[in-house]
Structures are given as C-alpha cells and as structure tokens.
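Contents: one structure, followed by commentary.
What follows draws every value from the coordinates through simple rules; no lab data is involved. Small disclaimer: the values here were computed from a predicted structure and weren't measured. No Cβ is skipped: glycine too gets one built from the backbone with ideal geometry, and neighbour counts run over all protein chains shown.
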Amino acid sequence: MPHITFVKKILANGELCKKCLEVSTRLESEALIDSIDQIAIADERDADSEGARLARKHDVTRAPFFLVEHDDGQVEVFDIYFKFKKFMASQGVGSSEKIAL
C-alpha cells in the first residue's frame, strides 16, 4: 500500500479552511481516515510549515490535497477529494457502500 499524506490548510485567522474541514469529516464517515499515514498542515501564517513546503514542492495551489507515494517512489497528487476517493476504491480501501461514487 502506498504512503498517503493528507495536507490541510490553516487560514491566517488560525481556523481550519472550510473545505479541509469538510474533507476531514468525509474521510471519517467514509472509512478512509485510517488509510492516511500522515497529516501535514499548510499554515498561511508560516510559509515554512510542512504543508506549505509540500505544496510548493508538488506545485499545488489549493488545499486540501493528498500525496500518494508509491513503492517505486512515484508521487501522485490529488487535489480533488472525489478523485482521491476513486483511487482509494481502486485499491480496495473502505467499505463498498461508503466508497461508492
């Protein structure tokens, strides 16, 4: 199974971005949260935060996003939750009822 990083954004006011909160809730309700190996935070107040560095490295301009690192070192970037969900379904992760698109 590949290594999966979920990157969430904290806004300048210190709150989690609305979309990040929605995706976090979906990950839990759709039985995918246990498949996440790492959670990184892109903090708008800290350009050197782990999530901000990952966003620059992978040329991602919106959050949340997922990095899927395969055993061969290839990294796939998913910045749309439903594409990530479809990928996870193709890996047989999550219950079939909850993962159905």
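Below are the figures for this structure:
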{"item": "The range 3-99 shape via C-alpha gyration tensor axes, a/c threshold 1.5", "result": "oblate"}
{"item": "Shape call, the range 30-87: gyration tensor on alpha carbons, a/c limit 1.5", "result": "prolate"}
{"item": "Sequence of Thr5, Thr25 once ranked by neighbouring C-beta atoms within 10 Å, starting from the fewest", "result": "Thr25, Thr5"}
{"item": "Packing rank of 63-70, 32-39, where each peptide gets the mean count of other beta carbons within 10 Å, highest leading", "result": "63-70, 32-39"}
{"item": "Bridge type composition, the chain - antiparallel percent by DSSP, nearest 5", "result": "60 percent"}
